[in-house]
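Undergrad: Right, I'll just put the structure down here and ask away after.
The values are calculated or read from the model by the stated rules, or taken from the named source; none is laboratory data. Note that this is a predicted model, so its numbers are computed, not measured. A quick note on method: Cβ atoms are made from the backbone with ideal geometry, for glycine too, and the neighbour counts reach across all protein chains shown. Calculation scope for accessible area: heavy atoms of the full protein, side chains included, ligands and nucleic acids excluded. Shrake-Rupley method; radii C 1.70, N 1.55, O 1.52, S 1.80 Å.
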Amino acid sequence: MKILVCISNVPDTTTKIKFAEGNTSIDTTGIQWVINPWDELSLTRALELKDDATSGVKSVTVVHVGTASSEPTIRKALAIGADDAIRVNAESSDAWFVAAQIAEVAKKEQFDIIICGIESSDFNGSAVGGMISEFLGIPSVSAVSSLKIENGQPVMTREIDGGKEVVNVQAPFVAIVQKGIAKEPRIAAMRGIMMARTKPVKLMEPLAIEPLTQIIEFEKPTPRAACKYIDADNPAQLIDLLQNEAKVI
Amino acid sequence: MSVLVYTENWEGKFKKLSFELVSYASGVAKMLNTTVTAVSIGKVEDNELKRLGNCGANKIINIINDQLITLDNQAYASVISDISKKENATVIIISNNNTGKAIAPRLSVRLKAGVGSGVSRLPLNINPFTVYKRTYSGNAFAHLVIKSDVKILTLAQNSFDLIETANNASIENLNVSVDGSLVKTSVKDVQKQSGKILLTDADIVVSGGRGMKSPDNWPPLVELATLLGAATACSRPVSDEGWRPHEEHTGQTGKIIAPNLYIAVGISGATQHLAGISSSKFIVAINSDKDAPIFQAAQYGIVGDAMKIIPKLVSAVKEIRK
Ligand SMILES: Cc1cc2nc3c(=O)[nH]c(=O)nc-3n(C[C@H](O)[C@H](O)[C@H](O)COP(=O)(O)OP(=O)(O)OC[C@H]3O[C@@H](n4cnc5c(N)ncnc54)[C@H](O)[C@@H]3O)c2cc1C
């Protein structure tokens, strides 16, 4: 079985977001780029499956749509343990564009399982995984918190409102994963970092596709009123304020 | 032209979020000078369906089909896209919950429709069609132009007020044929929590962090939550340690919630935690460190020892509930 893990490149989660060019873009000066937290966990789970000889997983490939500037993110994924990588050489303009490119890669290379994170921490779109599956006409299972392969059959657990469902599906399929899929992201060891340098990164030119959406402006969240402090000796006053001022209890 | 809204049901019942969706759809339809069609899949009584009309649906399409009993993303997307074509829908509205996130992107490809995900306000403009959406995990909001003829919006929970007026919507029971070859998933087992207020539905949430020190200190916090009719939540280290169940973990890598009131007890307020709660209408911080970042996000704060403060809050709530 071959697994494809989709990797997005995002600002470190503690980044203070600043805008540039009249609030039409993000100021990228000083930003540390990391693998999207969900994608790091997807990759970890894919590698765990490959480590388990009974799973039948033979290879883990990562795919990224981005320019040469995201090369370090790809090398990091290789250092963590991916066998090889594919980079589609284009600015990732919107979910539609990215999903169409990855679907094209998947058509050419034929994977059994495609794993995507539930969202990227920058665009918060939750769309790429589902779009890839529809472009390919294959099933998708979303909100997946566990992915196993039992006797050659993929078995997933997905979160539903107020519970969980165990779902079976035939490969090929797209798993859109969230919390629980792996406990801790795997970290690159020195050996992995050395090996990553020689692992293959295939470069592909993008299909000509028009994005369907475009961000024309950013704004900061509406500022909140300053905190009103209540004396620790009189917490009852908090209840009074919540009841009579905020009117939320 | 019309606005189509997909309203999920839970064992034949709708939730507040379903009514928010229809109210929102009705707001969008007014901007576009058109009508709202609500689509429901599964067995729902007419009385319950009619409630969608009271929030502004002009027409309700009710679909019952044995192949649609459990959620199969591909089959659901195919059914909803067929109906939206039939209804000539130019805007499709779905919740930004697990189900919405599962279906919206598939619909997008079927209809070549751009997606605005996690919108929390009515469109800013209809020409060009511009929506207001959360980005950078709540650290920024974007004005997103959707250029395609058909647009899909997923609405953030608890971001839009209900509009309820008596209205007689027509109900159409529709037989759809589902291409069996599209149903490729099967559900083997279902585990449901029962009797608990779900974190994603709750108007009030009481949440504990590492400052609670030990799982043994939770009972007063749970009592406070019960008295307030609140759900309980926690920060990531708390669920990682196994002090509380994983379903309670809120934040960037856990649940993203937007209750009316979020009470953070012994939570420092790391960016990744705030990413999951910053859309709450009111945030209360209880923390022994006056410099904890959570106070910058909070409207009400108490600096002090949670172990002493929580029991006093419990008594105060009991007092007003007498
Ligand atoms: C990629 C990534 C994703 C992450 N995702 C999440 C996420 O989704 N959710 C999340 O929560 N975290 C997440 N984190 C972790 C996050 O960075 C913080 O480490 C975490 O939120 C801290 O949890 P806490 O506030 O409970 O603990 P701490 O930061 O240890 O804070 C404990 C607080 O309790 C206070 N305190 C101590 N004793 C008392 C007392 N007696 N009474 C009152 N207050 C007291 C302290 O002053 C302190 O402010 C993520 C981190 C990374 C790197």
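Undergrad: Count the DSSP beta bridges whose two residues both fall in chain A, then state the antiparallel fraction as a percent rounded to the nearest 5.
TA: In chain A, DSSP labels about 40 percent of beta bridges as antiparallel.
Undergrad: Taking amide hydrogens as modeled 1.01 Å from N in the peptide plane, which residues meet the under 5 Å criterion relative to residue B:135, leaving out close sequence neighbours?
TA: Amide H neighbours of residue B:135, under 5 Å, 5+ apart: B:140, B:141, B:142.
Undergrad: Continuing with the same structure: Using a 1.4 Å probe over the heavy atoms of the protein chains, calculate the carbon and sulfur portion of the accessible area of segment B:1-97 as a whole percent.
TA: 48 percent
Undergrad: What does the charge add up to near residue A:202, with Lys and Arg as +1, Asp and Glu as -1, over the other residues with Cβ less than 12 Å from its Cβ?
TA: So the surrounding residues net to -1.
Undergrad: In a GNM of chain A with a 10 Å cut-off on Cα contacts, which of A:77, A:232, A:182 has the highest mean-square fluctuation?
TA: So, out of A:77, A:232, A:182, the one fluctuating most is A:232.
Undergrad: Now, a different point. Where Lys and Arg each count +1 and Asp and Glu each count -1, what net charge lies around residue A:123 among other residues with Cβ under 12 Å from its Cβ?
TA: Once all neighbours under 12 Å are counted, the net charge is -1.
Undergrad: Under Stokes-Einstein, with the Kirkwood radius over Cα pairs standing in for Rh, what whole-number D in µm²/s applies to segment A:2-222 at 20 °C and 1.002 mPa s?
TA: Approximately 120 µm²/s, per Stokes-Einstein.
Undergrad: At a 1.4 Å probe, which residues in segment B:61-75 are at least 40 Å² less accessible with all protein chains present than in their chain isolated?
TA: By number: B:73.
Undergrad: Ok, one more. Can you list the lysines whose alpha carbon sits under 17 Å from that of residue B:312, skipping same-chain ones fewer than 8 residues off?
TA: The qualifying lysines are B:322.
Undergrad: Let me ask something else. Taking every residue in B:93-100, how many Cβ atoms of other protein chains lie within 10 Å of its Cβ, on average?
TA: 3
Undergrad: Using only atoms on other chains, find how many Cβ atoms lie within 10 Å of each Cβ of peptide B:316-322 and report the average.
TA: 4
Undergrad: State, in angstrom, two size descriptors of segment B:199-320 derived from its alpha carbons: Rg to one decimal place and Dmax to the nearest whole number.
TA: 12.7, 37
Undergrad: Which whole-number percentage describes the relative contact order of chain B, with Cα contacts under 8 Å and a sequence gap of 6 or more?
TA: 14 percent
Undergrad: Need the list of lysines near residue B:318 for cross-linking: C-alpha distance under 24 angstrom, and skip anything on the same chain fewer than eight residues off.
TA: Partners within reach: A:228, A:247, B:196, B:281, B:308.
Undergrad: With both bridge residues required to lie in the protein assembly as shown, what share of the DSSP beta bridges run antiparallel, to the nearest 5%?
TA: Taking every DSSP beta bridge with both residues in the protein assembly as shown, the antiparallel ones total about 35 percent.
Undergrad: What does the average come to when, for each residue of peptide A:169-181, you count the partner chain Cβ atoms lying within 10 Å of its Cβ?
TA: 3
Undergrad: Now, a different point. At a threshold of 8 angstrom on Cα-Cα distance, excluding pairs fewer than six apart, so keeping six or more, what relative contact order does segment B:199-320 reach in percent?
TA: After rounding, I find 25 percent.
Undergrad: Can I ask one more? Please report the net charge: other residues with Cβ closer than 12 Å to the Cβ of residue B:311, K and R +1, D and E -1.
TA: +1
Undergrad: Who wins for biggest fluctuation among B:123, B:293, B:219 in a Gaussian network model of chain B, springs between alpha carbons below 10 Å?
TA: B:219
Undergrad: Here's another thing I want to ask about it. For segment B:34-156, with only Lys/Arg (+1) and Asp/Glu (-1) charged at the beta-carbon, what is the dipole magnitude about the Cα centre, in debye rounded to 20?
TA: Once rounded to the nearest 20, the dipole reads 460 debye.
Undergrad: Taking springs between alpha-carbon atoms closer than 10 angstrom, which of A:177, A:155, A:144 fluctuates most in the Gaussian network model of chain A?
TA: A:155
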